[in-house]
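Student: Questions regarding the structure given below will be posed in turn.
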Amino acid sequence: MTKIDLKYNRNIGIMAHIDAGKTTTSERILYYTGLTHKIGETHEGTATMDWMAQEQERGITITSAATTTSWIYNDQRYKINLIDTPGHVDFTVEVERSLRILDGAVATFCAVGGVEPQSETVWRQADKYSVPRICYVNKMDRTGANFYEVVRQIKDMLGATPCPIQIPIGAEERFQGVVDLIKMKAILWHDDTMGAKYHVEEIPENLVNEAQEWRDKMLEACAEFDDAVMEKYFDNPDSLTEQEIKTAIRKGTLDMKISPVICGSSFKNKGVQPMLDAVCAFLPSPLDTPEIIGFDPKDPEKEIVRHPDVNEPLCALTFKIATDPYVGRLCFFRVYSGKLDSGSHIYNTRSEKKERISRIFQMHSNKQNPVKTVHAGDIGAGVGFKDIRTGDTLCDESHPITLESMDFPDPVIGISVEPKTQKDLDRLGLGLSKLAEEDPTFTVKTDEQSGQTVISGMGELHLEIIIDRLKREFKVECNQGRPQVAYKEAIVQTVEHREVYKKQTGGRGKFADIVVKVEPVDSDFEGSLQFVDVVKGGNVPREFIPSVQKGFETAMNNGILAGFPMDTMKVTLLDGSYHAVDSDQLSFEICAQMAYRNACAKARPVLLEPIMKIEVVTPEENMGDVIGDLNKRRGQVEGMDSSRTGTRIVKAKVPLAEMFGYVTALRTITSGRATSSMEFSHYEEVPTAIAKEVVADAGGRVELL
């Protein structure tokens, strides 16, 4: 990869709710930057970034696709590493892992839909990884488009500070261009050149006052981040130079205090070039995040700092694994410091192994362009790894470092699968293991009681795509069972319990004795097992206490009601005893597992089910039927809003168990006029009558109290 001054590097992602125009915008970026010579369209299945057959057939993005292009801004060539992410909640893992390694993002909003459920999810994910972003209000040509309403929603619903640096000229079918509030000029596009050419002219008279009003708001926001700008703003706002305004906006954006807002219509080829200018002007380069903090693999308390410099030791993070039919397992990585050479050996701190990276590529969607080196601040992909997973840190063996990995949500839905023929059996195992390697939110396990293979994922569409990929990529024909909800278990009472494990078989025996208190976790605790040790006087030797904790951690994978995982639990080790000869670590681990089963049975175990947040956009006349149907599904309606297009938006929380086939039912109720979007919200206790049925179906081990 050609080395470029990192100041002119941009690693960005495009993130949004489904159908806000992410892939359409990406296609225009590739076209206007000269990387492609024909605009691909999502609805025609010809988009460069939607390369999977399933994406082309459905017109949605399923997997994040990376590419590298360049853009000339202020007579300087900027290198842009672009990742187009999915909008569907079932594939939220793709957004999560992309944002983990990106420096900036373009949050895209539909000018009609505004801030939608998945918009909130991706915004929170960007907050989590401290990713500065600009907002792009797309689809300004659509009926019902309202730029100012979207700006209001960004402020009210996302809690952000939007700072419009453009306002639209016209809207809906009269949308012609934008007013640049920094230069105070109008930008109008030529339809005959596919938007490649535009001309800059004076602001239309009817917009001058409005433009001045919004410019004042922009300058007011800028003044907060730059003392010089503040001084000039109060003395003489007209004396502020274009560069001073841009510097102040950039500073506010990098500090995540403001988000510049621009607008356009990607499908009608309007607004993309100023968006690219804004990416170069306001989003960070690798140098704007000067320190990468990791820790010593041998001593997690010891921090290690790396800088985006090729002369420092290698430090890279694996953020995605993909299987390519021609080159095999592709590992996508971001290099934070040093450089990675093709053919070199690198050290994986998780596996503690050295591996050779045989070839390195710069990706363009699903095409690989071989390169010799990937430098600090760049994104690449490589082949040759035998044991690598998403979130692994790659480094120099003599300078080991481990970077913070990623947290992925637990699957909420599962189905059983079985091969149709004997020859499909081996292929099924291979296909499932490769798909699970690629996708951390997809899990495979064998049900202990029935022996069935159960695959779990984030939603019905997620599992539908998995089954389709098994068929196409791995040539596996399989039967599938009914969808199953990923229930969890919890305890709601506090119980003290003494457990003694004693086994004598001639010679050295086994002995462990513990007194524990099990109870629900503290409200501020994050995690699954909250383990507290208050043993005094050495009644349980220090070396056996980790074994007690490990015993409870292992046991929590199987709940005592019906074998579902225990969600959270607090365990306090109060006391115990040991035998000088017969006690060992295994004895205390087994004793803890026995204590878990016996204590939890007395602590009023309950069943938890995933609750989904749903938003239904329906015509006014169908609203009563929609709400009635949600109530029948044990839903709780939380609010009803009016949309700008005359429809009503119903917001509710509904158990996932009641939502299978909901899209079909909604179409029937509303004659196909309503749409819905759904995402995971939280886990909640299942009503007793339903819980008894679920436990009975799962071959329950303990009676519900």
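The values are calculated or read from the model by the stated rules, or taken from the named source; none is laboratory data. The structure displayed is predicted, hence computed values, not measured ones. Positions of Cβ are generated from backbone atoms using ideal geometry, with glycine treated the same way; all protein chains shown enter the neighbour counts. Side chains included, ligands, DNA and RNA excluded: accessible areas come from the protein's heavy atoms. Shrake-Rupley method; radii C 1.70, N 1.55, O 1.52, S 1.80 Å.
Student: Determine the per residue accessible area of segment 262-396 with all protein chains present and a 1.4 angstrom probe, expressed in square angstrom. Intermediate values should be presented prior to the final figure.
Tutor: On the way: 5310 Å² over 135 residues.
Here the residues of segment 262-396 average 39 Å² of exposed surface.
Student: Please work out the Cα center distance from segment 647-698 to segment 560-602, rounded to the nearest Å.
Tutor: 37
Student: Right, next: Sort 571-577, 678-684 by the packing proxy (mean of other Cβ within 10 Å over each peptide's residues), most packed first.
Tutor: Working: 571-577: 19.4, 678-684: 16.9.
Peptide ranking by packing, descending: 571-577, 678-684.
Student: Using only the Cα atoms of the chain, build the gyration tensor, take square roots of its eigenvalues as a ≥ b ≥ c, and label the shape rounded, prolate or oblate: rounded if a/c is under 1.5, else prolate if a/b is larger than b/c, else oblate. Can you show the working numbers first?
Tutor: Working: a/c = 1.81, a/b = 1.51, b/c = 1.20.
It is prolate, given that a/c is not under 1.5 and a/b is the larger ratio.
Student: With labels modelled as points extended 7 Å from the Cα through the Cβ direction, what inter-label distance (nm, one decimal) is found for K298 paired with K354?
Tutor: 1.7
Student: Give me the distance between the Cα centres of segment 455-530 and segment 181-238, rounded to whole Å.
Tutor: Each part's Cα centre sits 57 Å from the other's.
Student: Moving to a separate point now. Please work out how much length the chain gains when fully extended from E397 to D426, using 0.36 nm per residue of separation minus the C-alpha to C-alpha distance, in nm with one decimal. Intermediate values should be presented prior to the final figure.
Tutor: Details: separation 29, 0.36 × 29 = 10.44 nm, distance 3.70 nm.
My answer for the length gained is 6.7 nm.
Student: Once R0 is set to 22 Å, what does the formula 1/(1 + (r/R0)^6) return for the Cβ-Cβ distance between V383 and R472, expressed as a FRET efficiency to the nearest 0.05? Mind showing how you got there, number by number?
Tutor: On the way: r = 22 Å, r/R0 = 0.99.
About 0.50, to the nearest 0.05.
Student: Roughly how many nanometres apart are two label points built 7 Å out from the Cα toward the Cβ at E496 and S130?
Tutor: 4.5
Student: Go through I614, G21, V516 and say which Cα lies farthest out towards the positive end of the charge dipole of the chain; charges sit on Cβ, +1 for Lys and Arg, -1 for Asp and Glu.
Tutor: It is V516.
Student: On to the next question. Residues with amide H under 5 Å of S70's amide H, sequence separation 5 or more or different chain, H placed in the peptide plane at 1.01 Å from N; which?
Tutor: Here I80 satisfy the definition.
Student: With all protein chains present, how much of the accessible area of the chain (probe radius 1.4 Å) comes from carbon and sulfur, to the nearest whole percent?
Tutor: Values: 14680 of 30910 Å².
Within the chain, the accessible surface is 47 percent carbon and sulfur.
Student: Can you find, among A223, T108, T668, the residue farthest towards the positive end of the dipole of the chain? Put +1 on the C-beta of Lys and Arg, -1 on that of Asp and Glu.
Tutor: T668
Student: Okay, next question. Counting only pairs 8 or more residues apart or on different chains, how many lysine pairs in segment 124-224 have their Cα atoms under 21 Å apart?
Tutor: Values: K128/K155; K139/K155; K139/K197; K155/K217; K183/K197; K183/K217; K185/K197; K185/K217.
Going through segment 124-224 pair by pair, I get 8.
Student: For the chain, take the longest principal axis of its alpha carbons; what is the angle in degrees between that and the long axis of helix 623-632, to the nearest 10 within 0 to 90?
Tutor: Around 20 degrees separate the two axes.
Student: For H345 and E620, FRET efficiency with R0 = 60 Å and r from the beta-carbon atoms, rounded to 0.05? All intermediate terms of the calculation are to be shown ahead of the outcome.
Tutor: Details: r = 66 Å, r/R0 = 1.09.
Taking R0 as 60 Å, the efficiency between E620 and H345 is 0.35.
Student: While we're looking at this one, here's another question. Between D324 and N206, what is 0.36 nm times their sequence separation minus the Cα-Cα distance? Round to one decimal in nm.
Tutor: 37.0 nm
Student: Further, regarding this structure: When Lys and Arg each count +1 and Asp and Glu each count -1, what net charge do the other residues less than 10 Å away from V535, Cβ to Cβ, add up to? Present the calculation step by step, with values, prior to reporting the outcome.
Tutor: Working: positive: K536, R542; negative: D533, D575.
Neighbourhood net charge equals 0.
Student: What does the net charge come to around M594 if you take all other residues with beta carbon closer than 13 Å to its beta carbon, with K and R at +1 and D and E at -1? Spell out each step's value before the answer.
Tutor: Numbers: positive: R498, K502, K503, K510, R597; negative: E499, D513, E589.
Within the 13 Å Cβ shell, the charges total +2.
Student: Considering only DSSP states other than H, G, I, E and B, which chymotrypsin sites (Phe, Trp or Tyr not before Pro) in segment 297-346 qualify as loop sites with at most 13 other Cβ atoms within 10 Å?
Tutor: Numbers: sites: F319, Y326, F332, F333, Y336; in loops: Y326.
Answer by residue number: Y326.
Student: Excluding same-chain pairs closer than 8 in sequence, count the lysine pairs in segment 573-705 whose Cα atoms lie under 19 Å apart. Show your work: numbers first, answer last.
Tutor: On the way: K602/K692; K613/K632; K613/K651; K613/K653; K632/K651; K632/K653.
For segment 573-705, qualifying lysine pairs total 6.
Student: So how strong a dipole does segment 470-607 carry about its Cα centre when Lys and Arg Cβ are +1 and Asp and Glu Cβ are -1, to the nearest 20 debye?
Tutor: On the way: 18 positive and 18 negative charges, 110 e Å.
So the dipole magnitude of segment 470-607 works out to roughly 520 debye.
Student: Kindly provide the GluC sites (Glu not before Pro) of segment 319-403 that DSSP labels as loop, not H, G, I, E or B, and whose Cβ sees at most 15 other Cβ atoms within 10 Å.
Tutor: Values: sites: E352, E355, E397; in loops: E352, E397.
Listed in order of number, the matching sites are E352, E397.
Student: Could you name the lysines in cross-link range of K550, using Cα to Cα under 17 Å and dropping any fewer than eight places away on the same chain?
Tutor: Within the straight-line cut-off, K550 pairs with K517, K570.
Student: Continuing with the same structure: Mind checking the dipole of the chain: about its Cα centre, +1 per Lys or Arg Cβ, -1 per Asp or Glu Cβ, Debye to the nearest 20? Could you put the intermediate results ahead of the total?
Tutor: On the way: 83 positive and 106 negative charges, 373 e Å.
Roughly 1800 debye, rounded to the nearest 20.
Student: Report the calculated FRET efficiency for T664 and D288 (r = Cβ-Cβ distance, R0 = 41 Å), to the nearest 0.05.
Tutor: On the way: r = 48 Å, r/R0 = 1.17.
That pair, T664 with D288, gives E of 0.30.
Student: If you don't mind, another one. Classify segment 199-279 as rounded, prolate or oblate, taking a ≥ b ≥ c as the square roots of the eigenvalues of its Cα gyration tensor: rounded when a/c is under 1.5, otherwise prolate if a/b is larger than b/c and oblate if not. Please report the intermediate quantities before stating the final value.
Tutor: On the way: a/c = 2.29, a/b = 1.33, b/c = 1.72.
Note, shape of segment 199-279 comes out oblate.
Student: What's the local net charge at A316, with K and R +1, D and E -1, over the other residues with C-beta under 11 Å away?
Tutor: Surrounding charge for A316 is 0.
Student: Here's something else I'd like to know. How far is it, in nm, from the label point at K367 to the one at N311 when both lie 7 Å from their Cα along the line to the Cβ?
Tutor: Here the modelled spin labels are 3.8 nm apart.
Student: Using the Cα gyration tensor of segment 248-378, with a ≥ b ≥ c the square roots of its eigenvalues, what is the shape: rounded (a/c below 1.5), prolate (a/b larger than b/c) or oblate (neither)? Don't skip to the answer; put the middle values down first.
Tutor: Details: a/c = 2.54, a/b = 1.36, b/c = 1.87.
Because a/c hits 1.5 or more and a/b fails to exceed b/c, segment 248-378 counts as oblate.
Student: Output the 0 to 90 degree angle, nearest 10, between the alpha-carbon long axis of helix 147-158 and the longest principal axis computed from the alpha carbons of the chain.
Tutor: In the chain, helix 147-158 runs at an angle near 30 degrees to the longest axis.
Student: Now a separate question. On a 0 to 90° scale, report how tilted helix 422-438 is relative to the longest principal axis of the chain, with both axes built from alpha carbons and the result rounded to the nearest 10.
Tutor: The angle comes out at about 60 degrees.
Student: Given 0.36 nm per residue, what is the gain on full extension from Y148 to F525 after removing their alpha carbon distance, in nm?
Tutor: Length gained between Y148 and F525: 131.7 nm.
Student: Let me have the 222 nm mean residue ellipticity of the chain computed from DSSP H runs of 4+ only, each contributing -39500 (n - 2.57), with the sum over all residues rounded to the nearest 500. Show your work: numbers first, answer last.
Tutor: Numbers: 16 runs with 189 residues, N = 705.
It comes out at -8500 deg cm²/dmol, rounded to the nearest 500.
Student: Just how far, in whole angstrom, is segment 134-148 from segment 109-129 if you go by their alpha carbon centroids?
Tutor: 14
Student: Towards the positive end of the charge dipole of the chain, with charges on Cβ (+1 Lys, Arg; -1 Asp, Glu), say which of T421, Q484, S259 has the farthest Cα.
Tutor: T421
Student: For segment 313-415, run through the trypsin sites (Lys or Arg not before Pro) and keep only the ones in DSSP coil with at most 14 other Cβ atoms within 10 Å of their Cβ. Kindly include the intermediate steps, with their values, before the conclusion.
Tutor: Details: sites: K320, R329, R334, K339, R350, K353, K354, R356, R359, K367, K372, K386, R389; in loops: R350, K372, K386, R389.
Filter output for segment 313-415: K372, K386.
Student: Follow-up question, since we're still on this one. Quick one: of K353/K434; K367/K420; K298/K354, which pairs are farther than 23 Å apart, Cα to Cα?
Tutor: Numbers: K353/K434 21 Å; K367/K420 34 Å; K298/K354 16 Å.
Exceeds cut-off: K367/K420.
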